[in-house]
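Note sheet for the following structure.
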Amino acid sequence: GGKRGARYLAIPSMAEHSEAEAWQALEAVLADEEESEAAQMAGRPFRGLASFGPEHQDRFFGREVMAEELANRIRRHPLVTVTGPSGCGKTSLLQAGVLPRMRDHVQVLVRPGAQPLAALERRLGEVIQSKTGGADPRAVLKRDPTALGPALARWCRATEQGLVIVID
């Protein structure tokens, strides 16, 4: 059989109402929603399960104090880790809250993937060489991974720039 309208039942009164064109109305609403879903998401402050990135900083609100405190902590300490359960908002806090407050620092975002050291090498090399054209940190990492920290500290002093590395 085909789609033959809909019957609405109100509880607890058990009053009934029939609507012959219910399927057509529902299909029209759903088709309209599918077409405009991307446009609607662009303006919504809540991104569902998607994290906020730097491009969403204007819609990231409610955690300004936490973002400012974390940015200040990062400025004061050479190593800060942000931990928490999956989905609690670590990425959003860092990318849309903290990093926009640290524009005075060179920022390196690393997605470690299956080869975390290779990903770190690649991103550090891309960002640092594009900023200064100086020594390639990839060579230091390949030669002696324990020398990377002191090499980056020297780079920061020589260029008078702060460096924030986010591994997410």
(request) Collect residues whose amide H, placed 1.01 Å from N in the peptide plane, falls under 5 Å from the amide H of PHE52; neighbours closer than 5 in sequence don't count. (result) SER92
(request) Ignoring everything but the protein chains, give the 1.4 Å probe accessible area of ARG154 in square angstrom, nearest 10. (result) 130 Å²
(request) Counting only C-alpha contacts under 8 Å and six or more residues apart, can you give the relative contact order of the stretch 85-168 as a whole percent? (result) 38 percent
(request) Determine ³J(HN,Hα), in whole Hz, for all residues of the stretch 15-26 in sequence, where each value follows from phi through the Karplus function 6.51 cos²θ - 1.76 cosθ + 1.60 and θ = phi - 60°; x replaces Gly and Pro. (result) 5, 10, 9, 9, 9, 5, 9, 4, 5, 5, 5, 5
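Restricting everything to alpha-carbon atoms, can you work out Rg to Rh for the stretch 66-112 with a Kirkwood hydrodynamic radius? Kindly include the intermediate steps, with their values, before the conclusion.
Values: Rg = 10.6 Å, Rh = 11.3 Å.
Radius of gyration over Kirkwood radius for the stretch 66-112 works out to 0.93.
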(message) Taking the Cα centre as origin and putting +1 on Lys and Arg beta-carbons and -1 on Asp and Glu beta-carbons, what dipole magnitude results for the stretch 59-136, to the nearest 20 debye?
(response) 140 debye
(message) Let me cross-check VAL164: its accessible surface, 1.4 Å probe, with only protein heavy atoms counted, in Å² to the nearest 10?
(response) 10 Å²
(message) Principal axis extents for the stretch 55-168, Cα atoms only, whole Å, descending order, please.
(response) 43, 33, 24
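The values are calculated or read from the model by the stated rules, or taken from the named source; none is laboratory data. Since the structure is predicted, the reported quantities are computational estimates derived from the model, not experimental observations. Glycine gets a Cβ as well: all are built from the backbone with ideal geometry, and neighbour counts include every protein chain shown. Remember, those area values only see protein heavy atoms, side chains included, never the ligands or the DNA or RNA. Shrake-Rupley method; radii C 1.70, N 1.55, O 1.52, S 1.80 Å.
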